[in-house]
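A.B. asks: Right, I'll just put the structure down here and ask away after.
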Amino acid sequence: MAVKPVVEVSGLGKTVDNGGEPLTILQDISFSVMPGETVAIVGASGSGKSTLLGLLAGLDAPSVGGVRLDGVALNDLDEDQRAALRGRLLGFVFQSFQLLPALSALENVMLPLELSGLPGATAAAQEWLARVGLGHRLKHYPKHLSGGEQQRVALARAFAPNPQLVLADEPTGNLDAATGQQIIDLMFDLNARQGTTLLLVTHDEAIAARCGRILRIQSGRLLT
């Protein structure tokens, strides 16, 4: 049986109203990503990279075109169905970490496991935090963790439910160079061990070069 893409993007475009004038953020974007690929989306600030990532996750709706995740057309789903699909297929790593401040490191990692109905959430979260070097920080809240530690928690949270696809948006953007390098090394190591598909938005050419493929966006268009 033929292997199907994890991500299929067809003629994707996004236009918003800009004070009564249409502003095109993305135009005619088409590509696919196969299982196990590592793909970097590279472009200057304002080129549309993060908008594209939001469309891929179904967090935003395109003006034209469509996205399929694991063969499912996002345009055919309502918000609840898109949320359920995200919970089943996706892990996220954000530039700003996006940890819940009222939850401990352990509880932040447990959350997606519990939402997915996976058994043994506590033990699995403990194991994942140990894998990212934070087995001794389980009960610490985000405000008591460094930026690098917070991003390690975010990596554990993203990979713990064993998603098919991890979307990472400038994962080192809020970190110093040395810490960022450690985080990138860890992310690629976890990704390789899990056999996950990785789609990474970055402006850092050195990080992009570690991916198997690079997609370049300029002024809302995909360069070929």
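The values are calculated or read from the model by the stated rules, or taken from the named source; none is laboratory data. Computed from a predicted structure; not experimentally measured. Counting neighbours? That spans all protein chains shown, and the Cβs are built from the backbone with ideal geometry, glycine included. Only protein heavy atoms, including side chains, enter the accessible area calculation; ligands, DNA and RNA are left aside. Shrake-Rupley method; radii C 1.70, N 1.55, O 1.52, S 1.80 Å.
A.B. asks: Considering each residue of region 12-30, count those that are within 16 Å of residue 216 (Cα to Cα) and either open to solvent by 20 Å² or more (accessible area, probe 1.4 Å) or hydroxyl-bearing (Ser, Thr, Tyr) (or both), and give that number.
C.D. replies: Total meeting the criteria: 4.
A.B. asks: Say whether the condition of being touching a residue at least 60 places away in the same chain (Cβ under 8 Å) and of a type in the set (A, V, I, L, M, F, W, C) is met by at least one residue in region 116-128.
C.D. replies: Within region 116-128, the subset touching a residue at least 60 places away in the same chain (Cβ under 8 Å) is none.
No; the residues of region 116-128 include none that is touching a residue at least 60 places away in the same chain (Cβ under 8 Å) and of a type in the set (A, V, I, L, M, F, W, C).
A.B. asks: Restricting the search to region 88-123, which residues are over 20 Å from residue 144 (Cβ atoms), within 19 Å of the chain's Cα centre (by Cα) and either among the charged types (D, E, K, R) or surrounded by 15 or more Cβ atoms within 10 Å (Cβ to Cβ) (or both)?
C.D. replies: The answer is 88, 89, 90, 91, 92, 93, 95, 112, 113, 116.
A.B. asks: For region 76-113, which positions are touching a residue at least 12 places away in the same chain (Cβ under 8 Å), more than 17 Å from residue 125 (Cβ to Cβ) and not hydrophobic (A, V, I, L, M, F, W, C)?
C.D. replies: Listed by number, the residues that qualify are 82, 86, 88, 95, 96, 101.
A.B. asks: Something else: What residue, among those in region 47-59 that are closer than 16 Å to residue 168 by Cα and in contact (Cβ under 8 Å) with a residue 40 or more places away in the chain, is most open to solvent (accessible area, probe 1.4 Å)?
C.D. replies: Within region 47-59, the match that is most open to solvent (accessible area, probe 1.4 Å) is 50.
A.B. asks: Could you tell me which numbered condition residue 139 fails, if it satisfies all but one of (1) in a helix (DSSP H, G or I); (2) more than 30 Å from residue 67 (Cβ to Cβ); (3) charged (D, E, K, R)?
C.D. replies: The single condition residue 139 does not satisfy is (1).
A.B. asks: How about region 1-24: which of its residues are of a type outside the set (Val, Ile, Thr) and not in a strand (DSSP E or B)?
C.D. replies: 1, 2, 4, 5, 19, 20
A.B. asks: On to the next question. Here are the criteria: (1) open to solvent by 60 Å² or more (accessible area, probe 1.4 Å); (2) at positive phi. Tell me which single one residue 80 does not satisfy.
C.D. replies: Exception for residue 80: condition (2).
A.B. asks: With the checklist (1) touching a Lys or Arg at 6+ places or on another chain (Cβ under 9 Å); (2) farther than 23 Å from residue 212 by Cβ in hand, flag the one item residue 81 doesn't pass.
C.D. replies: So residue 81 meets the others, but not (1).
A.B. asks: Would you be able to tell me the number of residues in region 25-46 that are touching a residue at least 60 places away in the same chain (Cβ under 8 Å), of a type outside the set (A, V, I, L, M) and part of a strand (DSSP E or B)?
C.D. replies: 5
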